[in-house]
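Working notes, beginning with the structure itself.
The values are calculated or read from the model by the stated rules, or taken from the named source; none is laboratory data. Computed from a predicted model, the values in this text were never measured in an experiment. When we count neighbours, we look across all protein chains shown, and the Cβ atoms used for this are built from the backbone with ideal geometry, even at glycine.
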Amino acid sequence: METRVLKYFLMVAKTGNITRAANELHVTQPTLSRQIMELEKELQTKLFIRQPRHMELTKGGALFQQRAQMILTLLQQTTNDLQQQNTELTGTIHLGCVESSVSPFIGKLIKQFQQQYPAVKFAMFDGDGDTLREQLDRGLIDMAALIEPVEAAKYNYVVLPVKETWGVMMRSDDALAARQQINRADIYKLPLILTRRNILRNDVSDVLGLDQNKLDVRMTINLPMNSLQMIKQGGYYALNIMGVYQNLNDHNLAFVPVTPTKTTGHVLAWRKNLVMSPAAEQFLQLVAAATTDQQ
């Protein structure tokens with residue numbers, strides 16, 4: 001199977017029309033139709049439901065679309081990595097990062113790295129820990145800055161010198177905003193917005209002594225921005241980290257720490273037994289040095 005055919009398939013899936021796809025690809029319509037039919041024959045799977053003016057992906061076609069895009073992405077990354085072997089340090093480092101206090105720390109390291117290696121670019125991916133770990137596992141990113149805990153058996157990682165304090169985020173005019181701390185009894189009374197990550201919820205609950213069955217959880221989220229408007233409208237409270245509150249920099253919001261105090265660390269993680277590009281290896285060395293300097 002040629003990569004050219006994968007690109008043909010992806011264009012048809014994107015446009016939903018053979019004629020438009022052929023125009024985009026600068027090939028004839030009969031040629032493109034034949035290539036798609038030969039691809040379906042090779043895969044022994046029908047990829048499209050053909051209608052007079054529209055091509056709709058089948059269930060198998062939707063799965064193949066995901067895998068085809070992944071194959072082309074990995075091929076391009078591999079090509080870029082190989083080109084670095086005999087040239088100056090270039091290429092793109094694919095880096096995931098959670099939205100927390102670790103973002104400014106990582107940003108400073110990227111700036112420092114690019115001052116030394118200006119030909120290296122970064123592709124930054126935002127997401128929660130589950131999303132970023134999935135990207136790591138699929139080989140779509142080289143490394144990710146994550147909130148602890150992480151699965152130590154699955155990843156190599158460097159512990160970063162950035163700590164987070166847990167608390168409750170709310171409207172700044174809320175009665176609880178004047179408090180110095182919020183305790184377990186208070187939390188049980190609040191309509192909560194929580195992270196969707198079970199491992200993180202369990203870790204926080206263990207420290208605070210929370211019975212999760214007693215919590216009034218109204219919503220779970222992957223990224224904090226998804227809940228911002230609901231909190232600002234009032235009546236919702238987000239149990240999260242101070243870094244989220246600081247990054248939002250919104251005077252309409254307030255953050256009150258929980259008691260007992262709960263802090264969380266960060267790590268920069270990458271897959272075990274992964275062959276890194278020279279640029280990614282060099283960046284990891286910079287991170288490790290910066291971490292050692294701040295210990």
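Looking across region 134-172 at every residue that is without any contact (Cβ under 8 Å) to a residue 60 or more places away in the chain and not aliphatic (A, V, I, L, M), the one that is surrounded by the most Cβ atoms within 10 Å (Cβ to Cβ) is identified as Q135.
Quick check: is even one residue across region 12-32 surrounded by fewer than 12 Cβ atoms within 10 Å (Cβ to Cβ) and in contact (Cβ under 8 Å) with a residue 24 or more places away in the chain? Scanning region 12-32 turns up no residue that is surrounded by fewer than 12 Cβ atoms within 10 Å (Cβ to Cβ) and in contact (Cβ under 8 Å) with a residue 24 or more places away in the chain. Of the strands (runs of 3 or more DSSP E) lying entirely inside region 131-204, those containing at least 3 residues that are assigned by TED's automatic domain parsing to the domain that holds P278 span 143-147, 155-171. In summary, H94 fulfils each of the numbered conditions (1) surrounded by 14 or more Cβ atoms within 10 Å (Cβ to Cβ); (2) at pLDDT below 90 with the single exception of condition (2).
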